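In what follows, a structure is listed as structure tokens, so that the remarks can point back to it.
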Amino acid sequence: MRVVVLDDYQDVARHCADWNLLGTVEFVHEHRSGRELTDRLAGVEVVVAMRERTPFGAAEFAALPDLRLLVTTGTANASIDLDAARAHGVVVCGTGMVEPPTAELTWGLVLALVRAIPTEQQGLRDGHWQLGLGTGLAGRTLGTIGFGRLGRRVARIAQAFEMDVLAWSQHLDAEEARNAGVEPVSKQELLRRSDVVTIHTKLSDRTRGLLGAAELSWMKPSAVLVNTSRGPVLDTDALVAALHAGTIAGAALDVYDTEPLPADHPLRQAPRTVLTPHIGYVTEETYRVFYGDAVEDVLAWSAGRPVRVLTP
């Protein structure tokens, strides 16, 4: 049985689980797609994919006739066509998740934006002392787009910063929000009133392009936007235009339409931004759960009793 672990960018996967239980395991550190991917996986029976870094659609499954098990880290993966997997006889299994890290990174990005931490650090290294004025959080308003597990966790932290919290989602339970001390509002009201807007919604056909030019125009010129959800939820071209026009005060992003982010991408030159390379879930604790469960998935499948099977 050949097992390949994809997109191990940091060369850490081998240290996060007991892969020896599976025999020989190959780790791929460079991102591959298309023909490069299918050539690399020729003859492979088991693949472990990291989140949505590598899409698997009908073309990939058709080109990999020996593939029998695809393990994705996490409980769902929008980049895997489960119908195509079933049609080609491929079992798809998931793993557990660790929730706090993405919410924690969200607040790291918020603070980096409102206190200009990256700019001040670079200024200090360049010989400057205090380049500008930051903005405090107490008494200001956070708006969370999406109020699931992550949105609720981010809201609780906002309350610890003595912020007022607004929430909107397409299926928001208004009573649940009120019970959490959060005010349910419309999307437009949230964007008009918030000083900090954070996105915590899953990517789907309903949420793709959820925030475009019109929505960004509703924001205060002094407000900032943080996205640790999925890149396509936000219209990137509209965001870049708003940043250059100064119609919003800044943006912090951990997710992008294309990942890894291309070297010539306009976001890399956009003003008042903090950019991180999709590290919301990238912690030692998370990887130990991901890869430990992945090993369990392979062992269970090879014993004829697959666990955590994902279905269309």
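The values are calculated or read from the model by the stated rules, or taken from the named source; none is laboratory data. Since we're looking at a predicted model, the values are computed, not measured. Positions of Cβ are backbone-derived with ideal geometry, glycine not excepted, and every protein chain shown enters the neighbour counts.
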Filtering region 28-37 down to residues that are surrounded by 11 or more Cβ atoms within 10 Å (Cβ to Cβ) and not aliphatic (A, V, I, L, M), which residue is nearest to Ala59 (Cα to Cα)? Gly34
Flagged in region 169-190 as among the acidic types (Asp, Glu) and either under 24 Å from the mean Cα position of the chain (by Cα) or not assigned by TED's automatic domain parsing to the domain that holds Val224 (or both), in numbering order, are Asp173
Has region 9-27 got any residue that is within 23 Å of Ala62 (Cβ to Cβ), buried (at least 19 other Cβ atoms within 10 Å of the Cβ) and either basic (Lys, Arg) or in contact with a strand residue (DSSP E or B) (Cβ under 8 Å, 6 or more places away or on another chain) (or both)? no
In region 112-131, how many are assigned to a helix (DSSP H, G or I), in contact (Cβ under 8 Å) with a residue 12 or more places away in the chain and either farther than 18 Å from Pro277 by Cβ or in contact with a Phe, Trp or Tyr (Cβ under 8 Å, 6 or more places away or on another chain) (or both)? 3
Residue under evaluation Ala63, criteria (1) under 24 Å from the mean Cα position of the chain (by Cα); (2) in the same structural domain as Gly43 (by TED's automatic domain parsing), criterion not met: (1)
Taking the condition assigned to a loop (DSSP other than H, G, I, E, B) and at positive phi, does Gly304 pass? yes
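Please state which one of Asp39, Asp18, Asp11 is in the same structural domain as Arg68 (by TED's automatic domain parsing) and free of Cβ contacts under 8 Å to residues at least 12 places away in the same chain.
Answer to the selection: Asp39.
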Output the residues belonging to region 21-36 that are of a type in the set (Asp, Glu) and either part of a strand (DSSP E or B) or in contact (Cβ under 8 Å) with a residue 40 or more places away in the chain (or both). Glu26
Quick one: in region 85-111, which of the residues that are in a helix (DSSP H, G or I) and either of a type in the set (Asp, Glu) or in contact with a strand residue (DSSP E or B) (Cβ under 8 Å, 6 or more places away or on another chain) (or both) is surrounded by the most Cβ atoms within 10 Å (Cβ to Cβ)? Thr106
